[in-house]
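Working notes, beginning with the structure itself.
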Amino acid sequence: MLTKTKEIEKKAAQSSTILAMLSKHNKTMEPTDIAVLIDLASELSADISSWFLEEEN
């Protein structure tokens, strides 16, 4: 359980970093780069959500 929690914390930190970078640099980034980063953040969020759903069942 502790390992899974650490994994979730890591994914949350990665997602937060991506979103912070987007909010700071979005005016200087290419639209395709923004789309890729949004997709990565979405995947990380989905992983976190699925972990909570698994725990609920």
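Since every read-out is calculated from the coordinates, none of them should be taken as a lab result. A quick note: this is a predicted structure, and the numbers were derived from the prediction, not measured. Backbone-built Cβ (ideal geometry, glycine too); neighbour counts: all protein chains shown.
Taken over the range 46-57, the criterion of being loosely packed, with under 11 Cβ neighbours inside 10 Å and among the charged types (D, E, K, R) is satisfied by E54, E55, E56.
Of the residues contained in the range 26-38, none is found to be in a helix (DSSP H, G or I) and in contact (Cβ under 8 Å) with a residue 24 or more places away in the chain. For S16, state whether it is free of Cβ contacts under 8 Å to residues at least 12 places away in the same chain, out of contact with any Lys or Arg (no Cβ under 8 Å at 6 or more places or on another chain), hydroxyl-bearing (S, T, Y) and surrounded by 10 or more Cβ atoms within 10 Å (Cβ to Cβ). Against the criterion (free of Cβ contacts under 8 Å to residues at least 12 places away in the same chain, out of contact with any Lys or Arg (no Cβ under 8 Å at 6 or more places or on another chain), hydroxyl-bearing (S, T, Y) and surrounded by 10 or more Cβ atoms within 10 Å (Cβ to Cβ)), S16 qualifies.
Part of a helix (DSSP H, G or I), of a type outside the set (K, R) and in contact (Cβ under 8 Å) with a residue 24 or more places away in the chain: does that describe S50? Answer is no for this residue. Looking only at residues in the range 1-13 that are among the β-branched types (V, I, T) and free of Cβ contacts under 8 Å to residues at least 40 places away in the same chain, the one that is surrounded by the fewest Cβ atoms within 10 Å (Cβ to Cβ) is T3. Here is the figure for the range 21-45: residues that are exposed (fewer than 12 other Cβ atoms within 10 Å of the Cβ), under 9 Å from the mean Cα position of the chain (by Cα) and hydrophobic (A, V, I, L, M, F, W, C) total 0.
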